Amino acid sequence: MVGTEMNLQTTSLRPAADYIAPDGSEIRLLPTMKGGGLCHCTLPTGKTSSPVAHREVEEIWYVLSGVGEVWRKNAVMEASISVSAGSSLTIPARTSFQFRNTGDSPLCILYSDDAAMARS
């Protein structure tokens, strides 16, 4: 999707992933604009993502469904938290993170990032 300031976008969640992220999660792209983008992430039941860190990208996550754990580590702190529907968290740039699905249904996360231009 190529976005401009005047581009009105409407999308629906696709049944199949647009791509598999470097951490192993399924990514479905949603609208993007000049300042950022929105994505739907699914981690299947029983799966654990590979640990990764984004050098420049910052993300905000909102858990839509499922239960899991998220580990984050940066120069300031390290924490592992439990997440479920309604949980929200940030992944600052240069933060290592890993997440796992601890439930019996897919862990679905909606996230916003500032890497929209890289995907457009």
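Using the number of other C-beta atoms within 10 angstrom as an exposure proxy, rank Ser112, Ser25 with the fewest first. Numbers along the way, then the final one.
On the way: Ser112 16, Ser25 22.
Going from least to most buried by this count: Ser112, Ser25.
Please report Asp23, Asp18 as a ranked list, fewest other C-beta atoms within 10 angstrom at the top and most at the bottom.
In order of increasing Cβ crowding within 10 Å: Asp18, Asp23.
For a quick check: with amide H placed at 1.01 Å from N, whose amide H comes under 5 Å from His54's, ignoring anything fewer than 5 positions away on the same chain?
For His54, the qualifying residues are Arg94, Thr95.
For the stretch 37-120, which trypsin sites (Lys or Arg not before Pro) are both in a DSSP coil and crowded by at most 15 other Cβ atoms within 10 Å?
Numbers: sites: Lys47, Arg55, Arg72, Lys73, Arg94, Arg100, Arg119; in loops: Lys47, Arg55, Arg94.
In loop regions of the stretch 37-120 (DSSP not H, G, I, E or B), the sparsely surrounded trypsin sites (Lys or Arg not before Pro) are Arg55, Arg94.
Loop by DSSP (not H, G, I, E, B), at most 15 other beta-carbon atoms within 10 Å: where is the longest site-free stretch of the chain for GluC sites (Glu not before Pro)?
Result for the longest clean stretch: 57-120.
Please report Cys41, Cys108 as a ranked list, fewest other C-beta atoms within 10 angstrom at the top and most at the bottom.
Taking fewest neighbouring Cβ atoms as first place, the list is Cys108, Cys41.
Please compute the modelled spin-label separation between Val57 and Ile81, points set 7 Å along Cα→Cβ, answer in nm with one decimal.
Label-label distance for Ile81 and Val57, simple model: 2.0 nm.
With charges only on Cβ, +1 for K and R and -1 for D and E, what is the dipole size of the chain about its Cα centre, in debye, rounded to 20? All intermediate terms of the calculation are to be shown ahead of the outcome.
On the way: 10 positive and 12 negative charges, 22 e Å.
Roughly 100 debye for the chain.
Over the stretch 19-119, calculate the relative contact order: mean separation of alpha carbon pairs under 8 Å at least 6 apart, over the residue count, as a percent.
Rounded, it is 38 percent for the stretch 19-119.
At 222 nm, what value in deg cm²/dmol follows for the chain if DSSP H runs of at least 4 each add -39500 (n - 2.57) and the sum is divided by all its residues, to the nearest 500?
Numbers: 1 runs with 4 residues, N = 120.
My calculation for the chain gives -500 deg cm²/dmol from helical runs alone.
Under the Kirkwood approximation applied to all pairs of distinct alpha-carbon atoms, what is the hydrodynamic radius of the chain in Å?
14.7 Å
Laboratory data are not the source of any read-out in this text; all were calculated from the coordinates shown. Model, not experiment: these values are computed from the prediction. Cβ sites come from the backbone with ideal geometry, for glycine too, and all protein chains shown count toward neighbours.
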